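First comes the structure, then the notes that go with it.
The values are calculated or read from the model by the stated rules, or taken from the named source; none is laboratory data. Keep in mind it's a predicted model, so treat the numbers as computed, not measured. Cβ placement follows ideal geometry from the backbone for every residue including glycine, while neighbour counts extend to all protein chains displayed. Ligands, DNA and RNA are stripped out before the accessible areas are found, and what is left, the full protein with its side chains, is counted by its heavy atoms. Shrake-Rupley method; radii C 1.70, N 1.55, O 1.52, S 1.80 Å.
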Amino acid sequence: MQCTGTVLETQGDIAKVYIESKACDHCQACGFGAVRDKKAMEVNALNKLRARKGDSVHLEVSGKKVMSASAIVFLIPFAGFIVGFLVGYFIIGLWVSKTPAALISGLVLLAASYYFVYLLGNKTEFEFVIKELAPANEQLTPFESPSLK
């Protein structure tokens with residue numbers, strides 16, 4: 001994910017950056033227009049370029065964080081289904097029909113695993129990295145923020 005923001009303050013290698021969505025309110029195809037109260041946020045970003053207060057910068061989400069978020073979203077539910085299927089087939093299947101028990105218990109643990117995804121998702125913070133300084137005369141796309149005045 002890439003976006004553009006404005007540096008609010010810096011402290012060592014960390015910069016607080018303001019990102020605002022400028023998505024149109026009437027279309028709502030992307031979903032940003034539907035969420036009117038959450039169109040801007042402040043994030044901490046790794047500032048190896050030594051950007052200063054007021055600079056427009058291009059940000060990117062750290063690849064490491066994207067991979068860990070993908071693992072949380074996809075692997076935990078998959079593991080929940082597999083464990084549920086095996087428990088249903090080999091343990092519950094001793095008393096009832098194996099295939100329906102395996103499918104039902106697999107789906108139950110799949111659904112339950114999304115609670116763990118929710119819990120882990122709330123604890124995971126995305127780490128942004130400042131990739132480059134944005135030129136002052138650059139035209140921004142609707143999903144990018146203009147510099148603060």
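Label-to-label distance, Tyr18 versus Leu86, with points set 7 angstrom from Cα along the beta-carbon direction: 5.2 nm. Taking every protein chain into account, the 1.4 Å probe leaves Met67 with about 130 Å² of accessible area, to the nearest ten. Against the criterion of solvent-accessible heavy-atom surface with a 1.4 angstrom probe, Leu94, Leu46 sort, most first, into Leu94, Leu46.
Heavy atoms of the protein chains alone define the surface here; on that basis segment 66-130 has 69 Å² accessible area per residue at 1.4 Å probe size.
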